[in-house]
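None of the figures in this text is laboratory data; all of them are computed from the coordinates on show. Since we're looking at a predicted model, the values are computed, not measured. In this analysis, Cβ positions are derived from the backbone assuming ideal geometry, glycine residues included, and neighbour counts consider all displayed protein chains.
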């Protein structure tokens, strides 16, 4: 009898210490987002577009700059057709093609695109609607936070860098 009670006590203790008895309210099920950016995806009809860590930075001059990454993990190539912040189309430069596993990155050391909304005038801490429009996957609207251009976002500028085309040197005739 004593062995049976000890075995039951050990089993109850093991279950309670391992957290298996916590059910749907277990702390490990209460996952928190570790970044300010919002995430979203379009997974339908053979599309698999993922939006990662998307947020807006209130840059100098009342402009807004998009920060985040878009990646297509589907076998079919797609294209980013446009972006809108609070219903207003942004100025966009950079790559638009979304080949499989080749991301579009807004801002940062590996950035290959830039999206700026001139005359934004929003405030840090507020939320804005960011619409992303794709050729095949359709569209998605996400509710993104606006951050100040300080700390990790201090280097973000509202200026759109337009690639300068250097003229070819004129060949000089040889004699």
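Quick notes on this structure:
- Once the Cα-Cα distance is subtracted from the 0.36 nm per residue extended length, the residue 79 to residue 151 segment shows a gain of 22.7 nm.
- Sites residue 45 and residue 141, calculated FRET efficiency, Cβ-Cβ separation with R0 22 Å, nearest 0.05: 0.75
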